[in-house]
Amino acid sequence: MHVHQIYTNSHLRNFTYLLDDGEGSIYCVDPYTDTLVLNYLDQLNGKLKAVINTHEHGDHIGGNTGLKKATNCEIWAHENAEGKIDSIDRYLKGNELIKLGDTYQLKVLDTPGHTFAHLCLMLMKGYSPEAIFTGDTLFNAGVGNCHNGGNPEILFETIHHQFQNLSDEVLVYPGHDYLENNLRFTIDREPSNLTAAELLATENKQCDATFLITNMELERDINTFLRLDNEEIKNKLSSDELNKKQVFLKLRELRNKW
Ligand SMILES: [Zn+2]
């Protein structure tokens, strides 16, 4: 299984992903444009079997129609995306398993919060999780907003129940590159977070074409939204004792204006 992370150079800093099973089938997660994906496919040996959209926002489905026309691939999306994404061939449900070749499979996670038709995809070797495609739910050092059809309380439930305790080694492949700005937010909320400060320093030195792939172990160190028990973060928010959900909601509010 080879995961190709494609940076789209879009103003929203989108990522598109190609998953090549090495047995002739390729799957595309969140095509920003068709041309970008078609150019990339030219360099690979395999046929595009399906586009999988994490959710219905335009910057995650922009390539759907063109790719279907050019390659006859199928379009797969969340069952709640009916009427929100055109020409869906297969509606996906939470916990569904999709075989990718002989060894790998994708597990569909129903992850509402950013929108209510949002899914994430867990890449597993057999039943062992290796990576997660998180769309606009979990970002590197942050989480998605809830401005366009979402709800922050539901996003909290999703992050808390489905992401907080994922295994350390699971790689995180988000829908956008917001790492640098998110690290600045982490450091603003938790000035003593040295891991975030060191990472920001190395990020500043890197050129724009290289992107850090984090794993859940690192996310739990640098992602404020996974550090809801941290005393420094809590004390900066309020002198009252806040529960995890209250901390999350206050952080989401602050991040909206960041
Ligand atoms: Zn979105």
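Condition check ((1) modelled with pLDDT under 95; (2) in contact with a strand residue (DSSP E or B) (Cβ under 8 Å, 6 or more places away or on another chain)) across all residues:
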| residue | (1), (2) |
| --- | --- |
| Asp188 | no, no |
| Asn193 | no, no |
| Asn204 | yes, no |
| Cys207 | yes, no |
| Thr210 | yes, no |
| Thr214 | no, yes |
| Leu218 | no, no |
| Leu228 | no, no |
| Lys236 | no, no |
Residues being out of contact with any strand residue (DSSP E or B) (no Cβ under 9 Å at 6 or more places or on another chain) and among the acidic types (Asp, Glu) - total across region 1-47: 2
Answer yes or no as to whether Lys107 is under 13 Å from His78 (Cα atoms), of a type in the set (D, E, K, R) and out of contact with any Gly (no Cβ under 8 Å at 6 or more places or on another chain). yes
When you scan region 35-64, how many residues do you find that are surrounded by 16 or more Cβ atoms within 10 Å (Cβ to Cβ), closer than 29 Å to His147 by Cβ and either away from the ligand (no atom under 16 Å from the Cβ) or of a type outside the set (S, T, N, Q) (or both)? 13
Qualifying position, being closer than 27 Å to Gln246 by Cβ and more than 16 Å from the ligand (Cβ to nearest atom), among Glu157, Glu130: Glu157
Looking only at region 189-220, how many residues end up being touching a residue at least 24 places away in the same chain (Cβ under 8 Å), acidic (Asp, Glu) and assigned to a helix (DSSP H, G or I)? 3
From the set of residues in region 85-111 that are touching a helix residue (DSSP H, G or I) at 6+ places or on another chain (Cβ under 7 Å) and under 22 Å from Glu157 (Cα atoms), which is surrounded by the fewest Cβ atoms within 10 Å (Cβ to Cβ)? Lys93
Starting from region 9-25, take each residue that is free of Cβ contacts under 8 Å to residues at least 40 places away in the same chain and list its partners that are of a type outside the set (Phe, Trp, Tyr), counting only C-beta distances under 6 angstrom and pairs at least six apart or across chains. Leu18/His4; Leu18/Ile26; Leu18/Cys28; Asp20/His2; Asp20/Ile26; Asp20/Leu44; Asp20/Gly46; Gly24/Gly46
Region 132-174: number of residues that are in a loop (DSSP other than H, G, I, E, B), touching a helix residue (DSSP H, G or I) at 6+ places or on another chain (Cβ under 9 Å) and surrounded by fewer than 24 Cβ atoms within 10 Å (Cβ to Cβ): 10
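The values are calculated or read from the model by the stated rules, or taken from the named source; none is laboratory data. Remember, it's a predicted structure, so these values are computed and weren't measured experimentally. Using ideal geometry, Cβ is built from the backbone for each residue, glycine included, and neighbour counts are taken over all protein chains shown.
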